[in-house]
Amino acid sequence: MFKKALLVVISMVFVTTVAFAGAPDLTWHGTWYTYSFFWNNVNLINPEDGVPQDGDQHYYMRGSVGLNADFGGGVNTYVLAGAAGCYGEDPITFAGPGPLVWLREAYLNVTDLFDTPLSLKLGKQHVLYGDQFFDGGEDGIMGVRLSYTSEMFDLDLFSFRFIEEGGPGYIGFPWWRKDYGVVPDDWDIHGFWSTFKFMDGAMRFSPYAFLKMHSDYCGYGKSEGYESTDNPMWLGVRIDGSPVAGLNFAGEFTKMMGSYKYEYDKTEYTEDYTGMHYMARLGYTPDGIPLTIGGAYVYFSGDKYDEDKNDDEECHAYFSPTGGPYTFGFYKWWPGFGPAHLMMTAWGFSLVGDPLVTNVNVINGNIGFTNGPFTIRGDYFMYSFNEVPEDWESAMGNEIAVLLLYNYNESLTFGATAGMLMPGAYWDKWFGEDADIGNCLGGYLFASKGF
């Protein structure tokens, strides 16, 4: 029923648009991919009496179809519908997961606005800036984006409705009750991303800023009411490009600012955001040699473990504006670092805010070989925590991973990746010296096709 209703809505939007604007030039787009994830011993405790085997294998699939309607004059609309998630539904009893189809993107796009280099995108849209301001790739974010594009400079100004807390249900109701009449504040993200281009676009320098805004209020009485305001801010700069043939690099620094303020029973509390993130990534492919070598360093600050932490008026931990996955360049067709480390994070998404992602240092070295449609890459990762309690070791562990890719007839990509994470000394303290700690295995197989 939901699928039929969604198709009816899309058809009505399309027919209405055509009726008022004339027949458009239609273009279909689509994406299909399926993953088979597997993992073993992500809790790092070897199975024994009283400790069950820790592991699983599951399928994750995404299918989506989009329709672009170009009306000419720089005006087009785009609608993308599809589903993504873990599949395994019994066709008879319907036991097991089977995600429903939903609207993933739906926006109006206007380019060359008033015959200028400006463009406007309004509606639900995918968002990806750098490695960390990411909607997750499955669903877009509602908002508006004004863009300026030229040969030497690009600028995006945007305002996204991250979470809608109000809506039609609050219109006109209940106006006579002061304690229930306050509409919850929305979660909004405002900001800009600019890019200066040098060397005919081979080098890019991108200053940016994001501001996340939300407040909360409850007025049950002067002695019981509370009010809070949460306004974290991100200021950063990113530089990336390929200044010489075969060399690719990226570097980024982000500083959190702003504050969280809370007032309860006439007592005020303020905590300032001071988290930091920085990254450097480099890859080089010698001319005429199908070999690539590279490395990377990524840092996310963590909160302090000082004895006086309760009196500290600063939050030192770093988290991203959306709390989404850290892409790390999508080197393995999925966000995150090594595949074993990925399988230890919540939902296997390497979210910036996960305890194994924030407060972490990552050092990577890699080497890859490509021959026609075939690619193989080996990676080494060293993970460590930045802030740990006194007398604790910071080493999270080391991971060795491999990635295989094969492009079939230049149209279909097959891939496989797996990693083995060997836990560091941090876990001896976490689990206790008597715990039987073992390695973690994680990875996945996948196939992908887009059109």
Subset of segment 92-134, residues open to solvent by 30 Å² or more (accessible area, probe 1.4 Å) and of a type in the set (Asp, Glu), comes to Asp112, Asp115
Inset, instruction - State whether the residues of segment 20-42 include one that is within 30 Å of Asp436 (Cα to Cα), acidic (Asp, Glu), at pLDDT below 95 and assigned to a strand (DSSP E or B). - result: no
Gly137 passes all but one of the listed conditions (1) touching a Leu at 6+ places or on another chain (Cβ under 9 Å); (2) closer than 28 Å to Tyr331 by Cα; (3) not in a loop (DSSP other than H, G, I, E, B); the exception is number (3)
On the given criteria, is Ser228 touching a Lys or Arg at 6+ places or on another chain (Cβ under 7 Å), modelled with pLDDT under 95 and surrounded by 15 or more Cβ atoms within 10 Å (Cβ to Cβ)? yes
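Looking at the structure I just gave you, is Asn407 open to solvent by 20 Å² or more (accessible area, probe 1.4 Å), assigned to a strand (DSSP E or B) and touching an Asp or Glu at 6+ places or on another chain (Cβ under 6 Å)? Steps first, please.
Values: open to solvent by 20 Å² or more (accessible area, probe 1.4 Å): yes; assigned to a strand (DSSP E or B): yes; touching an Asp or Glu at 6+ places or on another chain (Cβ under 6 Å): no.
For Asn407, the condition - open to solvent by 20 Å² or more (accessible area, probe 1.4 Å), assigned to a strand (DSSP E or B) and touching an Asp or Glu at 6+ places or on another chain (Cβ under 6 Å) - is not met.
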For segment 65-75 the number of residues that are on the phi < 0 side of the Ramachandran plot, surrounded by fewer than 19 Cβ atoms within 10 Å (Cβ to Cβ) and not charged (D, E, K, R) is 6
When segment 184-203 is checked residue by residue, the ones that are buried (at least 17 other Cβ atoms within 10 Å of the Cβ) and either modelled with pLDDT of 95 or more or out of contact with any His (no Cβ under 8 Å at 6 or more places or on another chain) (or both) are Ile189, Gly191, Trp193, Thr195, Lys197
Scanning segment 261-276 for residues that are in a strand (DSSP E or B), over 17 Å from Asn361 (Cα atoms) and either of a type in the set (A, V, I, L, M) or in contact (Cβ under 8 Å) with a residue 40 or more places away in the chain (or both) gives Thr270, Glu271, Asp272, Tyr273
**OP:** May I ask you to verify whether Gly353 is within 22 Å of Arg281 (Cα to Cα) and part of a loop (DSSP other than H, G, I, E, B)?
**Re:** yes
In segment 425-451, residues that are within 30 Å of Asn407 (Cα to Cα) and hydroxyl-bearing (Ser, Thr, Tyr) total 2
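How about segment 335-355: which of its residues are hydrophobic (A, V, I, L, M, F, W, C), open to solvent by 10 Å² or more (accessible area, probe 1.4 Å) and at pLDDT below 95?
Filtering segment 335-355 down to residues hydrophobic (A, V, I, L, M, F, W, C) leaves 337, 340, 342-344, 346-347, 349, 351-352.
The next check asks that each one be open to solvent by 10 Å² or more (accessible area, probe 1.4 Å); those that pass are 343-344, 346-347, 349, 351.
Of everything in segment 335-355, those that are hydrophobic (A, V, I, L, M, F, W, C), open to solvent by 10 Å² or more (accessible area, probe 1.4 Å) and at pLDDT below 95 turn out to be Ala346, Trp347, Phe349, Leu351.
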- [ ] Please tell me if Phe381 is within 15 Å of Arg281 (Cβ to Cβ), among the hydrophobic types (A, V, I, L, M, F, W, C), open to solvent by less than 20 Å² (accessible area, probe 1.4 Å) and touching a strand residue (DSSP E or B) at 6+ places or on another chain (Cβ under 6 Å).
- [x] yes
Tell me, please, whether a residue that is modelled with pLDDT of 95 or more and either closer than 28 Å to Leu445 by Cβ or of a type in the set (Gly, Ala, Ser) (or both) can be found in segment 312-319. no
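What about Gly258, is it surrounded by 14 or more Cβ atoms within 10 Å (Cβ to Cβ), in a strand (DSSP E or B), more than 18 Å from the chain's Cα centre (by Cα) and on the phi > 0 side of the Ramachandran plot?
Details: surrounded by 14 or more Cβ atoms within 10 Å (Cβ to Cβ): yes; in a strand (DSSP E or B): yes; more than 18 Å from the chain's Cα centre (by Cα): yes; on the phi > 0 side of the Ramachandran plot: yes.
Here the answer is yes, as Gly258 does meet what is asked.
Can you tell me which of Glu252, Glu271 is in contact with a Cys (Cβ under 6 Å, 6 or more places away or on another chain) and not aliphatic (A, V, I, L, M)? Walk me through it before giving the result.
On the way: Glu252 fails: in contact with a Cys (Cβ under 6 Å, 6 or more places away or on another chain).
Sole residue among the options that is in contact with a Cys (Cβ under 6 Å, 6 or more places away or on another chain) and not aliphatic (A, V, I, L, M): Glu271.
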From the option list Thr375, Thr417, single residue qualifying as open to solvent by less than 50 Å² (accessible area, probe 1.4 Å), touching a helix residue (DSSP H, G or I) at 6+ places or on another chain (Cβ under 6 Å) and either part of a loop (DSSP other than H, G, I, E, B) or at pLDDT 90 or above (or both) is Thr417
Note on Gly365: of the conditions (1) assigned to a strand (DSSP E or B); (2) touching a Ser or Thr at 6+ places or on another chain (Cβ under 6 Å); (3) open to solvent by less than 40 Å² (accessible area, probe 1.4 Å), unmet is (2)
Expected output for segment 426-450 (first residue assigned to a loop (DSSP other than H, G, I, E, B), partner open to solvent by less than 20 Å² (accessible area, probe 1.4 Å) and of a type outside the set (D, E, K, R), Cβ below 7 Å, 6+ apart or cross-chain) is Gly438/Asn41; Gly438/Leu44; Asn439/Asn41; Asn439/Leu421
Checked pairs for segment 330-349, first at positive phi, second part of a helix (DSSP H, G or I), C-beta under 7 Å and 6 or more apart or across chains, list as Gly336/Phe328; Gly336/Leu342; Gly348/Leu342
Considering residues that are out of contact with any Phe, Trp or Tyr (no Cβ under 6 Å at 6 or more places or on another chain) and modelled with pLDDT under 95, the number found within segment 387-406 is 4
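Out of curiosity, is Gly283 in contact with a strand residue (DSSP E or B) (Cβ under 8 Å, 6 or more places away or on another chain) and either open to solvent by 70 Å² or more (accessible area, probe 1.4 Å) or more than 30 Å from Glu227 (Cα to Cα) (or both)? I'd like the intermediate steps shown before the answer.
Working: in contact with a strand residue (DSSP E or B) (Cβ under 8 Å, 6 or more places away or on another chain): yes; either open to solvent by 70 Å² or more (accessible area, probe 1.4 Å) or more than 30 Å from Glu227 (Cα to Cα) (or both): yes.
It is true that Gly283 is in contact with a strand residue (DSSP E or B) (Cβ under 8 Å, 6 or more places away or on another chain) and either open to solvent by 70 Å² or more (accessible area, probe 1.4 Å) or more than 30 Å from Glu227 (Cα to Cα) (or both).
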Of the conditions (1) closer than 22 Å to Pro325 by Cβ; (2) in contact with a Lys or Arg (Cβ under 9 Å, 6 or more places away or on another chain); (3) among the aromatic types (Phe, Trp, Tyr), the single one that Phe153 does not satisfy is (1)
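The values are calculated or read from the model by the stated rules, or taken from the named source; none is laboratory data. These numbers were taken from a predicted model, which means no experiment stands behind them. Ideal geometry is used to build each Cβ from the backbone, glycine not excepted, and the neighbour counts take in all protein chains shown. We work out accessible area using only protein heavy atoms, side chains counted, and drop any ligands, DNA or RNA first. Shrake-Rupley method; radii C 1.70, N 1.55, O 1.52, S 1.80 Å.
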